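Have a look at the structure below before the remarks.
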Amino acid sequence: MRTITEINELKRNLELVEHYLCEGTEIEFNFVSKLISGEICFVSYKIENELRFAPSRFVGYYNNDLIKAFKQSF
């Protein structure tokens, strides 16, 4: 997988993480939660006045999603 090179690619991945955590299915939520708990490097971002953190190994890859991330973990 190729890494992101533009800010809009990062924003897209951060929006997807937000979706998985706030509106996604239980499987999506659990998967991202496990990524976060196993991560040591994060990207911080702000939603309204709240600071949040996303796993860099997820948001750092171009057009990443749950399926691609799952395949990469094996």
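Just checking, does region 54-73 include any residue being assigned to a strand (DSSP E or B) and more than 12 Å from the chain's Cα centre (by Cα)? Checking region 54-73: not a single residue is assigned to a strand (DSSP E or B) and more than 12 Å from the chain's Cα centre (by Cα). Could you check, for region 44-53, whether at least one of its residues is without any contact (Cβ under 8 Å) to a residue 40 or more places away in the chain and assigned to a helix (DSSP H, G or I)? Checking region 44-53: not a single residue is without any contact (Cβ under 8 Å) to a residue 40 or more places away in the chain and assigned to a helix (DSSP H, G or I).
Residues in region 1-14 that are without any contact (Cβ under 8 Å) to a residue 40 or more places away in the chain, surrounded by fewer than 12 Cβ atoms within 10 Å (Cβ to Cβ) and among the charged types (D, E, K, R): 1 in all. Residues in region 17-39 that are among the small types (G, A, S) and farther than 14 Å from R52 by Cα were compared, and the one that is least open to solvent (accessible area, probe 1.4 Å) is G24.
The values are calculated or read from the model by the stated rules, or taken from the named source; none is laboratory data. Everything numeric here is computed off the predicted structure, so don't read it as measured data. With ideal geometry, Cβ positions are generated from the backbone for all residues, glycine too; neighbour counts draw on all protein chains shown. Note: accessible area is taken over every heavy atom of the protein model, side chains too, but ligands, DNA and RNA are not part of it. Shrake-Rupley method; radii C 1.70, N 1.55, O 1.52, S 1.80 Å.
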